[in-house]
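Beneath this line is the structure, given in structure tokens, with notes to follow.
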Amino acid sequence: MANLSKRTSLNVAGKYYVDFTCICCGICTLIAPLNFFINLNEEYGYICKQPETKEEIKAIEEAIQNCPVEAIGSDGEEL
Ligand code: SF4
């Protein structure tokens, strides 16, 4: 389970985040490409855009279910 205290600084502010247990597998960027990004210079994927539509929320929730190391959290700050 993702841990808010392990949230990386790469994430944009908001409810969803990736923590530093991420292994950079890329699955989340395939499932929710509008909201996750992996910079090849970084060790972690991150939330590049918080969801603005129901479809984006659904895609992020699906990414949470499919992250192999449970590195995606949904208990970040509400904006
Ligand atoms: S699916 Fe999980 S481990 Fe893979 S890049 Fe995304 S956050 Fe990292």
Worksheet item: When residues of region 59-73 are filtered for being part of a loop (DSSP other than H, G, I, E, B) and small (Gly, Ala, Ser), how many remain?
Response: 1
Worksheet item: If PRO33 passes every condition in (1) farther than 15 Å from ALA2 by Cβ; (2) without any contact (Cβ under 8 Å) to a residue 12 or more places away in the chain; (3) over 11 Å from the mean Cα position of the chain (by Cα) but one, which one does it miss?
Response: (3)
Worksheet item: If you go through region 36-67 one residue at a time, how many are farther than 18 Å from LEU4 by Cα and hydrophobic (A, V, I, L, M, F, W, C)?
Response: 5
Worksheet item: Pick from region 5-58 the residues that are in a strand (DSSP E or B) and more than 17 Å from ASP75 (Cα to Cα): which of them is least open to solvent (accessible area, probe 1.4 Å)?
Response: GLY45
Discussion item. Anything in region 5-34 that is in contact with a Lys or Arg (Cβ under 8 Å, 6 or more places away or on another chain) and farther than 18 Å from VAL69 by Cβ? List them, or say none.
Written reply: VAL12, LEU34
Item to complete: Any chance you could count how many residues in region 59-79 are under 13 Å from the mean Cα position of the chain (by Cα), open to solvent by 70 Å² or more (accessible area, probe 1.4 Å) and in contact (Cβ under 8 Å) with a residue 60 or more places away in the chain?
Response: 2
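The values are calculated or read from the model by the stated rules, or taken from the named source; none is laboratory data. It should be emphasised that the depicted structure is a prediction, and the values quoted were computed from it without experimental measurement. A quick note on method: Cβ atoms are made from the backbone with ideal geometry, for glycine too, and the neighbour counts reach across all protein chains shown. Protein only, heavy atoms only, side chains kept; ligands, DNA and RNA dropped before computing areas. Shrake-Rupley method; radii C 1.70, N 1.55, O 1.52, S 1.80 Å.
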